[in-house]
Amino acid sequence: MIYGRCAACKSQRRRCPSDCIFSPYFPPNDPQKFASVHRIYGGSNVGKMLQQLPYCVREQAANTLYLEAQCRIQDPVYGCVGIISKLYQQIHETEVELAKIQTQIAYYKFQNQQFEAESNLSSLPLPQGNNMEMEHFQWPSQALNYSN
């Protein structure tokens, strides 16, 4: 038991009973926490929600209600959904940027492979053999030229 009244009982100007549903989750040193939750959900509704939950999840529920209330106060239209939407948009933009960069990397790798292949071909030695054979060799484009 917290000494003195919890933030909920102080806010509602009532005596804080020893079995107060709010006291473990809304301490007297953080009155803003209950004020935010009360403003959005109403004190009696919060009490009813907490009573319906198992004891082991009540703290998490109270913290979640506070977070959602804060989001709703900051953005009355969208609340938490606005934050989630912004995060999804950032994820989408980052995925698009990543895809562009991966495409650029693949393009530069392909260019590098082509450059290396051309470099390897130009560095190959010419075939050694009879010079006469080389003189009579014609490329296909030369073979069509009948003026020689």
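The values are calculated or read from the model by the stated rules, or taken from the named source; none is laboratory data. For clarity, every value in this text was computed on a predicted model and none was experimentally measured. Every residue, glycine as well, gets a Cβ built from its backbone with ideal geometry; the counts of neighbours run over all protein chains shown. Note: areas computed on protein heavy atoms with side chains; ligands, DNA, RNA excluded. Shrake-Rupley method; radii C 1.70, N 1.55, O 1.52, S 1.80 Å.
A few remarks follow.
- Cut-off 13 Å between beta-carbons: net charge of the residues surrounding Lys86, Lys and Arg +1, Asp and Glu -1: -2
- Using R0 = 25 Å, the C-beta based FRET efficiency linking Val57 and Asn29 works out to 0.60.
- Here the accessible area is traced with a 1.4 Å probe on the protein chains. For the stretch 1-121, carbon and sulfur cover 55 percent of it.
- Inter-label distance, nm, simple model (7 Å from Cα along the C-beta direction), Leu87/Gln104: 2.8
- For the stretch 49-121, the extents of the C-alpha atoms along the principal axes are 80, 30, 12 Å, listed from largest to smallest.
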